[in-house]
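The values are calculated or read from the model by the stated rules, or taken from the named source; none is laboratory data. Predicted model only: the values in this text are computed from it and were never measured. Note: ideal-geometry Cβ built from the backbone for every residue, glycine included; neighbour counts use all protein chains shown. Surface accessibility is based on the protein's heavy atoms, side chains included, excluding ligands, DNA and RNA. Shrake-Rupley method; radii C 1.70, N 1.55, O 1.52, S 1.80 Å.
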Amino acid sequence: MAHVTALPNPGHTTSWYAASAHDKSVRPTLEGEMHADICVIGAGFTGMSAALELAEKGFSVIVLEGTRIGFGASGRNGGQIVNGYSRDLETIAGRYGQEKAVKLGEMSLEGGEIIRERVAKYGIDCDLVDGGFFAAFTQKQIQEMEANKTHWEKHGHSGLEMVSKAEVGHYVKSDRYAGGMIDRFGGHIHPLNYVLGEAAAVEKLGGRIFENSKVIGVEKGTSPTVRTAHGKVTAKYVLVCGNAYLGKLLPEIGDRMMPVSSQVMATEPLDAGLIESLLPANYCVEDANYILDYYRRTSDNRLLYGGGIGYGGSDPADLTSVIRPNMLKTFPQLKDIKIDFAWSGNFALTLTRIPHMGRLSENIYFSHGDSGHGVTTTQLLGRILAEVVSGQAGRFDVWSSLPNFPFPGGKTFRVPLTVLGAWWYGLRDKLGL
């Protein structure tokens, strides 16, 4: 891939993904009145996953996107295929009972499988690479990984392997880590090219996608109506998939998630020998801290490095000042390397750190709040939304039965209270507790 330094993709953020996207074409804006079996709000991972499933089943589908396809977290994330959920299966069992943990465990690898299936079926060019490495700083984190490995294997995950300190160099050349664990079912992708590939598949199957068509109202009823500034869609079913970018459209669900920003940067293209020496196996990496770093190689030999967190969706004034120091702790040999791109994006956090799925009426469904594990869970939950409107409610009922809660402190205090909690867990990481 050529050295990309400009951003020829209007409407997107200043990311390497937007600059290197294969499809930069802008879809039309919704105008006038239209009808469809299904109206999907949001052209990110969840919405496009659901839309593609439904188009494959023969439903007529219209997708409304407020900005551009993949504009939010779906087109800005680290691109890491991390299996499971933001809380481990033992925590899920303790909260919701063993029966639900077993059912969620049965689904826990499906998101990654969906990505690989669609890449193969539709020829999606998104730089798919297999393999992920979880890096541990302390013996306590290693013990937690060993326990998680045991629990995962009870649910059929056979791709995990512990890594000793002496073996860390096979995956990442850094002195920071005490060991870790690999997931052979993990991996990484160019997320914006992936969701654009899904969109192209939806359109090929007859689905219609409208960009720059922000939804301003949803009217319930036998045939719900979704309104934008210049048009409306009447449908049999509506799927709400706006996640952290839903805004104030539907406060009854929006108040139960918090937008949280994460910062990412991409270096200039590195010498092939250098990037291969840093990440020899080309696995993606994330560490085991509460506020974690994550990084990987790109197809044009950049190091893509992410980290930091902003509750409420706030961003630091200088993105690289947050991430670059951590990158240099991991790879001090990059001190003279230029940063070509830096960006941030919001993901939706729930109080339980478990996705929130449910219905607003008999024909309006929603899914959001993947809480930092959205690359895979969105694929799964999009499929489950398609199942429920097709008359298969079994898996939807499992997810929708999980309790969800508003954040304590309301609009005024929910961010400072969450920051206080994150500070405590971050302090524990620093002290090795």
Qualifying residue in segment 90-98 (condition: more than 28 Å from LEU292 (Cβ to Cβ) and either surrounded by fewer than 21 Cβ atoms within 10 Å (Cβ to Cβ) or at pLDDT 95 or above (or both)): yes
Residue identified as surrounded by fewer than 24 Cβ atoms within 10 Å (Cβ to Cβ), in contact with an Asp or Glu (Cβ under 8 Å, 6 or more places away or on another chain) and more than 26 Å from GLY132 (Cα to Cα) among LEU351, LEU360: LEU360
Per-region count, segment 386-404, residues under 20 Å from the mean Cα position of the chain (by Cα) and either among the basic types (Lys, Arg) or not in a helix (DSSP H, G or I) (or both): 1
First in segment 261-278 and open to solvent by less than 50 Å² (accessible area, probe 1.4 Å), second anywhere and of a type in the set (S, T, N, Q) and part of a helix (DSSP H, G or I), Cβ under 7 Å, 6 or more apart: MET265/THR320
Test for THR29: is it at pLDDT below 95, open to solvent by 20 Å² or more (accessible area, probe 1.4 Å) and either in a loop (DSSP other than H, G, I, E, B) or closer than 30 Å to ALA147 by Cα (or both): no
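Looking for whichever is at pLDDT 95 or above, more than 12 Å from the chain's Cα centre (by Cα) and assigned to a loop (DSSP other than H, G, I, E, B) here; the options are ILE62, ILE38, ILE69. Which one fits?
It is ILE69.
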Number of the condition not met by LYS338 [criteria: (1) open to solvent by 10 Å² or more (accessible area, probe 1.4 Å); (2) in contact with a helix residue (DSSP H, G or I) (Cβ under 9 Å, 6 or more places away or on another chain)]: (2)
Hey, TYR295 farther than 28 Å from SER60 by Cβ, surrounded by 22 or more Cβ atoms within 10 Å (Cβ to Cβ) and in contact (Cβ under 8 Å) with a residue 40 or more places away in the chain or not: yes
Top-ranked residue in segment 118-149 [being open to solvent by 20 Å² or more (accessible area, probe 1.4 Å) and among the charged types (D, E, K, R); ranked as nearest to THR330 (Cα to Cα)]: LYS140
Counted residues, segment 358-385 - those being in a strand (DSSP E or B), of a type in the set (A, V, I, L, M, F, W, C) and in contact with a Leu (Cβ under 6 Å, 6 or more places away or on another chain): 0
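Restricting to helices (runs of 4 or more DSSP H) lying wholly in segment 246-354: which have 2 or more residues that are modelled with pLDDT of 95 or more? I'd like the intermediate steps shown before the answer.
Details: elements: 251-254, 272-278, 319-330.
Correct list: 272-278, 319-330.
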